[in-house]
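**Student:** Let me begin by handing over the structure; questions about it come next.
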């Protein structure tokens, strides 16, 4: 248990080096085995996790560059625990459902390396180590889109890289300056988040630093108007690339807001609460309307991801336990549901090599199991009660209702708009007559595809009915986060806002 976090991070990387010795014919089995072991290690971490402890657990600390306070510092709390679990689980599921056949060995090894970087982001407590894993995650995803993507894969890969890399450079400047601020305040250099959380920064400095970190996180989410790289990346990426991008990589941005922006810049977070909410609501409504206009099934789901990420941002900047806890649950929900939907699109693309709705119709008659699974995931996507999608959306909107009932009402349009574009997609694809004779001979879900999708269906239903296993440890850590924000606020208006919003939330 002493080094379980390091094992979680570096086991997939170690497996990459051994993977070069594995025969091409056995590489899929090898990849699934490695990711399954990684998932079981994360489950053991969950079993050993103390739900009553809101602080960091299983911490590891090794000085690296002592004169500048850079250290190998790891830890996990209720905020990051389930993001790590989702990362290991969805990586395993994506390899089980893998349909790509070209250059399979390099693809599997790239996925394993990507898993290392994603787990590292969620476990790092040193800003420089966090940044290293954050940037390293760009390389394998760039390779996946550029090497295994569609006809415009190079354009999509370069656009993805330039957007995210540019935002990350601005964030790095903010990190270096914050390290310097800590040196000026204490006489010692440190890039530890736990040390930075003790800084009391003036409001003007908080605003500038908030913007620097905002660019790095907002592009990764992505928030409007930085979202234009995402539809291209999803449209050109292979199925497994889209699954991991939607399920995990986008959550790195929202996680960054919770881990960095809220506790480090509480006054700026309160000041920019409404502007951030407006950006989120624009994303919710605008991208939902764009999704309705799409004819490509994959593009509908891609734009719906931007819309759902807007709800997550709204919950985060409610700045109360309900909102932040709901946004974290919605991250898990969206990761499972969007990953499953992209996998389902990959199933039909593998059979027909097209994703256009006009090419289908009546699929429910020839692929009833496929239609059933797709329907369950669709209902979870639109937030139907008793599915996993409802819990996170409800709590996120409930949290922001304490801030602004009017803006929450606008954000609630996501439920109506989501139902419109998803049900239209389902009607065009699965109902009506079979207009294309080719579709009459399509094969329903195969054993490998069912093995990947059934666990996701079970999670969608179980966590929709019984979300407590996730909400309890999450809420304990979120309560501590909100308390840190309150204690660190130097502006009386910020203290009053955080206190009043949370008292309203507790009453509800």
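The values are calculated or read from the model by the stated rules, or taken from the named source; none is laboratory data. Given the structure is predicted, the values throughout are model-derived calculations rather than measurements. Cβ atoms come from the backbone with ideal geometry, glycine included; neighbour counts cover every protein chain shown.
**Student:** From the list 329, 390, pick out the single residue that is surrounded by fewer than 24 Cβ atoms within 10 Å (Cβ to Cβ) and under 24 Å from the mean Cα position of the chain (by Cα).
**Tutor:** Sole residue among the options that is surrounded by fewer than 24 Cβ atoms within 10 Å (Cβ to Cβ) and under 24 Å from the mean Cα position of the chain (by Cα): 390.
**Student:** Checking the condition outside any helix (DSSP H, G or I), in contact with a helix residue (DSSP H, G or I) (Cβ under 9 Å, 6 or more places away or on another chain) and either buried (at least 18 other Cβ atoms within 10 Å of the Cβ) or modelled with pLDDT of 95 or more (or both), which residue from 80, 71, 94 passes?
**Tutor:** 71
**Student:** Are there any pairs, at least 6 apart or on different chains, whose C-beta atoms fall under 8 Å, with the first in segment 53-68 and without any contact (Cβ under 8 Å) to a residue 40 or more places away in the chain and the second exposed (fewer than 15 other Cβ atoms within 10 Å of the Cβ), and if so, which?
**Tutor:** Close Cβ pairs satisfying both conditions: 57/50.
Residues checked against (1) more than 15 Å from residue 265 (Cβ to Cβ); (2) touching a residue at least 12 places away in the same chain (Cβ under 8 Å); (3) part of a loop (DSSP other than H, G, I, E, B):
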{"site": "145", "(1), (2), (3)": "yes, yes, no"}
{"site": "161", "(1), (2), (3)": "yes, yes, no"}
{"site": "164", "(1), (2), (3)": "yes, yes, no"}
{"site": "167", "(1), (2), (3)": "yes, yes, no"}
{"site": "177", "(1), (2), (3)": "no, yes, no"}
{"site": "188", "(1), (2), (3)": "yes, yes, yes"}
{"site": "201", "(1), (2), (3)": "no, yes, yes"}
{"site": "206", "(1), (2), (3)": "no, yes, no"}
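**Student:** Another one. Return the only residue of 49, 58 being modelled with pLDDT under 95 and farther than 25 Å from residue 334 by Cα.
**Tutor:** Going through 49, 58 in turn, just one is modelled with pLDDT under 95 and farther than 25 Å from residue 334 by Cα: 58.
**Student:** Only one of 338, 261 is in contact with a helix residue (DSSP H, G or I) (Cβ under 7 Å, 6 or more places away or on another chain) and under 30 Å from residue 371 (Cα atoms); which?
**Tutor:** The unique qualifying residue is 338.
**Student:** A further question follows. Which one of 246, 237 is more than 25 Å from residue 413 (Cα to Cα) and either surrounded by fewer than 24 Cβ atoms within 10 Å (Cβ to Cβ) or in contact (Cβ under 8 Å) with a residue 40 or more places away in the chain (or both)?
**Tutor:** Only one candidate qualifies: 237.
**Student:** Right, something else. Quick one: how many residues across segment 258-275 are farther than 13 Å from residue 202 by Cβ and outside any helix (DSSP H, G or I)?
**Tutor:** 1
This table checks each residue for (1) surrounded by fewer than 16 Cβ atoms within 10 Å (Cβ to Cβ); (2) more than 23 Å from the chain's Cα centre (by Cα); (3) at pLDDT below 90; (4) more than 30 Å from residue 100 (Cβ to Cβ).
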| residue | (1), (2), (3), (4) |
| --- | --- |
| 153 | no, no, yes, no |
| 159 | no, no, no, no |
| 166 | yes, no, no, no |
| 169 | yes, no, no, yes |
| 172 | no, no, no, yes |
| 177 | yes, yes, no, yes |
| 180 | yes, yes, no, yes |
| 184 | yes, yes, no, yes |
| 190 | no, yes, no, yes |
